[in-house]
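A short write-up of the structure that comes next.
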Amino acid sequence: ERAAEEGAGRDYMDKLNEWSGTLKNRMTLAQWDYEINITRHTEERMMQVSLDVAEQEKEYWKDTMTYFWREFEDENLKRMFQKHSVLGTSALPEDLNERLIQAKNNMQTTYAKATICDYHDKKKCDLHVEPEVTNIFAKSQDPEELKYTWLEWHKAAGAPSKHYFTEYVTLNNEAAKMNGFDSTAEWWLSEYEAKDSEKQFIKLFNDIKPLYQQLHAYVRRQLRMKYGDEVVSAKGPIPAHLLGNIWAQDWKNIESFSKPYPDKPEVDITAALVAQNYTALKMFKTAEEFFTSINLSPMPDNFWENSVIEKPTDGREMVCHASAWDFFDSENFRIRQCTTITDSFFKTTHHEMGHIQYYIQYKDQPTVYKQGANPGFHEAVGDVIALSVATPKHLRVMGLMEDGPDDIETNINQQYKMGLEKIAFLPFAYLLDLFRYSVFRGITSPHNYNCHYWRLREALQGVEPPAPRSEFDFDPAAKYHVAADVEYMRYYISYIIQFQFHQSLCKLAQEYAPGDNTKLLSNCDIYRSTEAGNALKAMLKLGSSKPWPDAMQALTGQRKMDASGLLEYFKPLHDWLKAENERTGEFIGWEPSTVPYC
Ligand SMILES: C=C(C[SeH])C(=O)N1CCC[C@H]1C(=O)O
Ligand SMILES: [Zn+2]
């Protein structure tokens, strides 16, 4: 009896995966058309397709729930039913789903269309976050220009979305409850398939905190020496507008004037890329060649035909934030990216192509398994490749960095630049979803959104706003992922596990040996190593067909996420920072901010 039921369940599941693949394909195509060209027409069409798809998913879900899949013997079949049993926002009644989609579109459109006026030319008021505001934060060293730009962007992109965000929270929580979760927070956390995920995240943060505090102290001193102690205090948080990034999430743009050994060769390759006439296409082809060099797959023809890799110049409104798209038909994949020729975008290109590589490797999985083992895995693939690309050794092979000694100073400079990207990012990524978990759980409410956000920014990141804030501001929505309803803990996890992956791949490539100073983890380049590539491929092919500890074990032999890889990679830098902060008597940590924001 049960065997017959299970057999029927298997046949049904094969069909359901096919049907859901078709629905996701239709949905993704409409979403793509809207995001690369925001018009009333494309928005209306995306709404219609979304509502139509939701209704069909609801019908399938009713059938799915008629099977006693919890009693099935076949673990894999049970896993597929379990994943399909989470219907998502399609569980909402159509009128509420329409309001939710509208609220999300309003936030996304607000962010995409937001523009500010230029500091030097107040009549020039067509500056978007990409590329203009991003470039100002990459290049300007004028605290007044940076403060003005920071305030204008947060006013234009953040504040107007506050009410849309509240509507989104209410309706998303409604959907969460209809899927059996207490709030959206538990729904997001369920993707990490462990009851103690939040405890795991806290432990990771405590493991990296000493290293972060050393970097924070050193950077604060460098900024104080550059801008004076009127602008940067000796013991307080760092003002958010001075860290080379509009969100203060990645500090690599202040490397040029703060590096430990100023007279060593430049490790930022922007100038070399421009000098060698790199185009967006050439950056993409260069990234592709790294992947194929380790026996991973090339990009298919339709990728090159249909991707949007530069901001169109026809004045259209579009979502520029880099993204990679799976069309769930096992053959169409695209990237949308408003590429500019910079070191930063060279890395982002690898990051996005890592997503596409994952899509390609799991393209023969059933639809329900076309996901990362957990969301952090998907964000880590491209970054793991970029860790090899970023080494002086690899950049010299590419002719993108001048020859020079592989001495300890160059190594510390290189680790420092990587630390400004990877270590600095961790508290920001962690707090962004601590904030949203607290909102979804009703602990933070609309009249203290901004206060709670800045309390977290100060407590975990040691950063303060450049000017007083109030509840008329809504600074979290000035960050793409908040405006676009994209979960963010995935990046925090990625920045930890990518070093675990890197450690294993480097051992396979014989580029790293623990304790061997001639084979430092931070100098490892897996370029052309098919042993490494084949091991990575085997993990990627799993998709989400197995719990993520199985995927982690397949590649690293470990079943836990832990910071050991990251701490091993940055050990020389950590020692150097401790010695340097001791030498200069720098205060480690930060005293409370004096900027009023609650
Ligand atoms: C490049 C992407 C697209 Se998935 C991105 O959003 N990232 C990559 C780094 C962290 C995060 C961000 O920009 O905030
Ligand atoms: Zn990504």
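The values are calculated or read from the model by the stated rules, or taken from the named source; none is laboratory data. Values in this document were obtained by computation on a predicted structure and should not be read as measured data. Here Cβ is always computed from backbone atoms with ideal geometry, including for glycine, and neighbour counts include all displayed protein chains.
Just give me the residues in the range 244-269 being within 16 Å of ligand 1 (Cβ to nearest atom) and more than 21 Å from residue 576 (Cα to Cα), in sequence order.
Listed by number, the residues that qualify are 244, 245, 246, 247, 248, 249.
Looking at the structure I just gave you, is residue 181 at pLDDT 95 or above and either assigned to a helix (DSSP H, G or I) or in contact with a Leu (Cβ under 6 Å, 6 or more places away or on another chain) (or both)? Can you show your working first?
On the way: at pLDDT 95 or above: yes; either assigned to a helix (DSSP H, G or I) or in contact with a Leu (Cβ under 6 Å, 6 or more places away or on another chain) (or both): no.
It is false that residue 181 is at pLDDT 95 or above and either assigned to a helix (DSSP H, G or I) or in contact with a Leu (Cβ under 6 Å, 6 or more places away or on another chain) (or both).
Would you confirm whether any residue within the range 282-295 is in a loop (DSSP other than H, G, I, E, B), in contact with a strand residue (DSSP E or B) (Cβ under 8 Å, 6 or more places away or on another chain), more than 14 Å from ligand 1 (Cβ to nearest atom) and farther than 24 Å from residue 104 by Cβ?
Of the range 282-295, the ones in a loop (DSSP other than H, G, I, E, B) are 294-295.
Restricting the remaining residues to those that are in contact with a strand residue (DSSP E or B) (Cβ under 8 Å, 6 or more places away or on another chain) gives none.
No, because not a single residue in the range 282-295 is in a loop (DSSP other than H, G, I, E, B), in contact with a strand residue (DSSP E or B) (Cβ under 8 Å, 6 or more places away or on another chain), more than 14 Å from ligand 1 (Cβ to nearest atom) and farther than 24 Å from residue 104 by Cβ.
Rundown of residues vs (1) surrounded by fewer than 24 Cβ atoms within 10 Å (Cβ to Cβ); (2) β-branched (Val, Ile, Thr); (3) at pLDDT 95 or above; (4) within 16 Å of ligand 1 (Cβ to nearest atom), yes/no style:
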| residue | (1), (2), (3), (4) |
| --- | --- |
| 468 | yes, no, yes, no |
| 487 | yes, no, yes, yes |
| 497 | no, yes, yes, yes |
| 508 | yes, no, yes, no |
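Please give the number of the condition residue 386 fails out of (1) closer than 30 Å to residue 284 by Cβ; (2) under 26 Å from the mean Cα position of the chain (by Cα); (3) in contact (Cβ under 8 Å) with a residue 40 or more places away in the chain.
Failing condition for residue 386: (3).
Residues of the range 298-347 being small (Gly, Ala, Ser) and farther than 26 Å from residue 269 by Cα, which ones?
Of all residues in the range 298-347, those small (Gly, Ala, Ser) come to 307, 315, 322-324, 330, 344.
Scanning the range 298-347 gives 315, 330.
Cβ contacts < 9 Å: first residue farther than 24 Å from residue 284 by Cβ and charged (D, E, K, R), restricted to the range 356-381; second residue away from ligand 2 (no atom under 16 Å from the Cβ) and outside any helix (DSSP H, G or I), any location; separation 6+ or different chain. Result?
Listed by first residue and then by second, the contacts come to 364/330.
Show the residue pairs meeting these rules: Cβ distance below 8 Å; 6+ apart or different chains; first residue within the range 311-322 and within 16 Å of ligand 2 (Cβ to nearest atom); second residue of a type in the set (D, E, K, R) and assigned to a loop (DSSP other than H, G, I, E, B).
Pairs found: 320/311.
Specify which of the listed residues (204, 211, 223, 215) is in a helix (DSSP H, G or I), under 30 Å from residue 172 (Cβ atoms) and touching a residue at least 24 places away in the same chain (Cβ under 8 Å).
Numbers: 211 fails: under 30 Å from residue 172 (Cβ atoms); 223 fails: under 30 Å from residue 172 (Cβ atoms); 215 fails: under 30 Å from residue 172 (Cβ atoms).
When all the criteria are applied, what remains is 204.
Give the residue that is surrounded by the most Cβ atoms within 10 Å (Cβ to Cβ), with candidates limited to residues of the range 322-379 that are within 12 Å of ligand 1 (Cβ to nearest atom), closer than 23 Å to residue 548 by Cβ and among the small types (Gly, Ala, Ser). Spell out how you get there, then give the answer.
Of all residues in the range 322-379, those within 12 Å of ligand 1 (Cβ to nearest atom) come to 322-325, 335-339, 344-345, 347-356, 358, 372, 375-376, 378-379.
Pick out the ones that are also closer than 23 Å to residue 548 by Cβ and you get 323-325, 350-356, 358, 372, 375-376, 378-379.
Filter once more, so that each one left must be among the small types (Gly, Ala, Ser): 323-324, 354, 372, 376.
Numbers: 323: 18, 324: 22, 354: 27, 372: 24, 376: 22.
By that ranking, first place goes to 354.
Table: residues versus (1) within 27 Å of residue 107 (Cβ to Cβ); (2) crowded, with 16+ Cβ neighbours inside 10 Å.
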site	(1), (2)
236	no, yes
258	no, yes
279	no, no
309	yes, yes
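Can you work out which of the residues in the range 450-489 that are of a type in the set (Phe, Trp, Tyr) and assigned to a loop (DSSP other than H, G, I, E, B) is farthest from ligand 2 (Cβ to nearest atom)? Please lay out each step first, then the result.
Residues of the range 450-489 that are of a type in the set (Phe, Trp, Tyr), as a first pass: 453-454, 472, 474, 480, 488.
Those still in the list that are assigned to a loop (DSSP other than H, G, I, E, B) too: 472, 474, 488.
Working: 472: 32, 474: 24, 488: 11 Å.
The extreme case among them is 472.
Name the residue, out of 266, 230, that is touching a residue at least 60 places away in the same chain (Cβ under 8 Å), among the acidic types (Asp, Glu) and outside any helix (DSSP H, G or I). Talk me through it step by step, then tell me what you get.
On the way: 230 fails: touching a residue at least 60 places away in the same chain (Cβ under 8 Å).
Every option except 266 fails the conditions.
So for the range 159-168 (the condition being of a type outside the set (A, V, I, L, M, F, W, C), outside any helix (DSSP H, G or I) and modelled with pLDDT of 95 or more), does at least one residue qualify? Give the derivation first.
Filtering the range 159-168 down to residues of a type outside the set (A, V, I, L, M, F, W, C) leaves 160-164, 166-168.
Retained after the next criterion (residues that are outside any helix (DSSP H, G or I)): none.
Within the range 159-168 (the criterion being of a type outside the set (A, V, I, L, M, F, W, C), outside any helix (DSSP H, G or I) and modelled with pLDDT of 95 or more), the answer is no, since none of the residues qualifies.
Could you list all residues from the range 148-158 that are buried (at least 19 other Cβ atoms within 10 Å of the Cβ) and either of a type in the set (Lys, Arg) or touching a residue at least 60 places away in the same chain (Cβ under 8 Å) (or both)? Give the derivation first.
Step one: list which residues in the range 148-158 are buried (at least 19 other Cβ atoms within 10 Å of the Cβ), which gives 148-150, 152-154, 156-158.
Scanning the range 148-158 gives 149, 150, 153, 154, 157, 158.
Answer with yes or no whether residue 23 is touching a helix residue (DSSP H, G or I) at 6+ places or on another chain (Cβ under 9 Å) and free of Cβ contacts under 8 Å to residues at least 60 places away in the same chain.
Numbers: touching a helix residue (DSSP H, G or I) at 6+ places or on another chain (Cβ under 9 Å): yes; free of Cβ contacts under 8 Å to residues at least 60 places away in the same chain: yes.
Criteria met by residue 23.
Here is a yes/no grid of residues against (1) within 16 Å of ligand 2 (Cβ to nearest atom); (2) assigned to a helix (DSSP H, G or I); (3) over 24 Å from the mean Cα position of the chain (by Cα); (4) among the polar types (S, T, N, Q):
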{"residue": "506", "(1), (2), (3), (4)": "no, yes, no, no"}
{"residue": "515", "(1), (2), (3), (4)": "no, no, yes, no"}
{"residue": "528", "(1), (2), (3), (4)": "no, no, yes, no"}
{"residue": "559", "(1), (2), (3), (4)": "no, no, no, no"}
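Could you check residue 28 against (1) out of contact with any Asp or Glu (no Cβ under 6 Å at 6 or more places or on another chain); (2) in a helix (DSSP H, G or I); (3) over 22 Å from residue 327 (Cβ atoms) and say which number it fails?
Against the list (1) out of contact with any Asp or Glu (no Cβ under 6 Å at 6 or more places or on another chain); (2) in a helix (DSSP H, G or I); (3) over 22 Å from residue 327 (Cβ atoms), residue 28 comes up short only on (3).
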